[in-house]
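Read through the structure below, which is laid out as structure tokens, and then see the notes.
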Amino acid sequence: MGWPLFGETLGFLKPHRSNSMGSFLQEHCSRYGRVFKSHLFGSPTIVSCDHELNMVVLQNEEKLFQVSYPKAMHGILGKFSLLIVSGDVHKKLRNIGVSFITSSKSNPQFLDCVEKMTISMMNSWKNCKEIGFYKEVKKFTLNLMVKHLLSIEAEEPLAFKILEDFLTYMKGFVSLPVYLPGTPYASAVKARARLSATVREIIKERRKEQLGLVKGDFLDAILSKENLSDEKTVSIVLDMLLAGYETTATLMALIVYFLSLYPNVLEHLKQEHNANRNKNKENGELLNWKDYQKWNSLAMFIYESMRCGNVVKFVHRVALQDVNLKVNNDNLHPSLYMILIFHSLGWKILPVLTAVHFDPSLHENPMDKKVMPFGGGPRLCPGADLAKVEIAFFLHHLVLNYRWKTMADDFPLAYPYVEFRRGLLLEIEPIQAKAGKIET
């Protein structure tokens, strides 16, 4: 159970390559099996690296188990964050997000915005020999989200202010919860307060100038249709920004990193997208929803990158009642089972998604349902489809317009959030006679 108070938390959070389980989980699974007890984040905890058990936990949200993030994270996320709230409040806030995302993902206006911002970024690299790709795609995804959610243009000073605050926010998102001046946690709490104040001011201005029915963005939809308090409105806007910015940018960076390791896959994608471009597009014609639906190989590679890169390592849950489960905890002896008892008094469970993703007995097909990069159950990521569309459009232009190389000493690390050792520094070179080139 580790040290008093900290338990084994420091070992569990020790940075490691994100395309691996890390030494902590490898050692514990080898010694105790796929399911073991520990003391993490201030609580006695059952750690599950077992797919079937993880599915039981995630599918029984609000029935047998409930979300339970450490109290310290509430100061960063806010009390109405989708990651924290449960029951009817969670359902209502999540449905608001899902409704807007569903209407957006195939909307021609949104798709045109994604592509034009992609082309603009690609053109800005023309005279560059090296780029810090992770920083660039973070800028891209945040600019896209503030435009789509709040109608703020990328060139506006407010967009730069939001980006700076989000960068600070993410550095403390999964740090040790020590509220002392200068610590990542304290800085993240302050950054979240500044972001909240920014959104509150936008709400105030829209009501003052009666712009709530004019912009046509996500905030417009909430103010005109939903009876939410300002606090809940601010919270869901920040949740959508966080999900659409950080996780999408991380996945894009992981995909570009993995493509550099597998040139045969990259060549296959180039051929697929060139064929689509030559067959279906006049010079200068923008992409559409039908184009996206034809990119089967790209969809499979996105899933495989999520499995190998692991944007989200684990989630926090707690038992609502005493639960007895029969679990096989030994690959070598499938007839041996343990009886796992979850007590509702204080014990938590951490379903670890990454360990399941690296189980060699589960993954012959990248589209296998045992891949759980977006979580599962009632808390399945609501923005998954939107993220995949953005990534697909971006990659379409990237593979057709640039060659790139990664640095030998650069790779993704799990802190447990994903960072690149050198920011995914790329050597880039424009491809001559660009088949998919569109000037802006």
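The values are calculated or read from the model by the stated rules, or taken from the named source; none is laboratory data. Source: prediction; values computed, not measured. Virtual Cβ from ideal backbone geometry, glycine too; neighbours counted across all protein chains shown. For the accessible areas, the whole protein counts, side chains as well, though only heavy atoms, and no ligand, DNA or RNA atoms are used. Shrake-Rupley method; radii C 1.70, N 1.55, O 1.52, S 1.80 Å.
For this structure, a couple of remarks:
- Shape class of region 1-134 from the Cα gyration tensor (axes a ≥ b ≥ c, square roots of the eigenvalues): oblate, since a/c reaches 1.5 or more and a/b does not exceed b/c.
- Within the chain, helix-based [θ] at 222 nm, where runs of 4 or more DSSP H residues each add -39,500 (n - 2.57), nearest 500: -16000 deg cm²/dmol
- Share of alpha-carbon pairs per 5 Å distance bin for region 56-180, given as whole %: 2, 8, 13, 15, 16, 17, 13, 9, 5, 2, 0, 0
- Accessible area (Å², 1.4 Å probe, nearest 10) - PHE140: 0
- Electrostatic dipole magnitude of the chain [Cβ: Lys, Arg +1; Asp, Glu -1; Cα centre; debye, to 20]: 400
- Computed over the chain with a Gaussian network model linking Cα atoms closer than 10 Å, the most mobile of PRO416, PRO184, PRO108 is PRO108.
- Per-residue SASA entry for CYS381, accessible area with 1.4 Å probe, Å² rounded to 10: 50
- Helix axis angle, 384-401 relative to the chain longest principal axis, alpha carbon, degrees: 50
- The chain: angle of helix 108-124 to the longest principal axis, Cα-based, in degrees nearest 10: 80
- Using the Stokes-Einstein relation with a Kirkwood hydrodynamic radius computed over Cα pairs, the translational diffusion coefficient of region 20-98 at 25 °C and a viscosity of 0.890 mPa s comes to 166 µm²/s.
- Cα gyration tensor shape of region 162-265, rounded if a/c is under 1.5, else prolate or oblate by comparing a/b with b/c: oblate
- Degrees, to the nearest 10: 87-104 long Cα axis against longest axis of the chain: 20
- Rounded, prolate or oblate (a/c below 1.5 giving rounded, otherwise prolate when a/b exceeds b/c) for region 2-50 by Cα gyration tensor: oblate
- Solvent exposure, largest accessible area first (probe 1.4 Å, DNA, RNA and ligands not counted), of LYS270, LYS147, LYS208: LYS208, LYS147, LYS270
- Size descriptors for the chain (Cα atoms only): Rg and Dmax, in that order, 22.2, 68 Å.
- Sequence of TYR169, TYR303 when ordered by accessible area, the most exposed leading, probe 1.4 angstrom: TYR303, TYR169
- The accessible area of PHE41, taken with all protein chains in place and a 1.4 Å probe, comes to roughly 60 Å².
- If you bin all the Cα-Cα distances of region 33-78 at 10 Å, starting from zero, the percentages per bin are 23, 45, 31, 2.
- Among ALA188, ALA387, ALA197: highest mean-square fluctuation, GNM of the chain, C-alpha pairs under 10 Å: ALA197
- Carbon plus sulfur fraction of accessible area for the chain, probe 1.4 Å, in percent: 54
- Selected from ASN401, ASN296, ASN54 as most flexible by GNM, with the chain as the system and alpha-carbon contacts under 10 Å: ASN296
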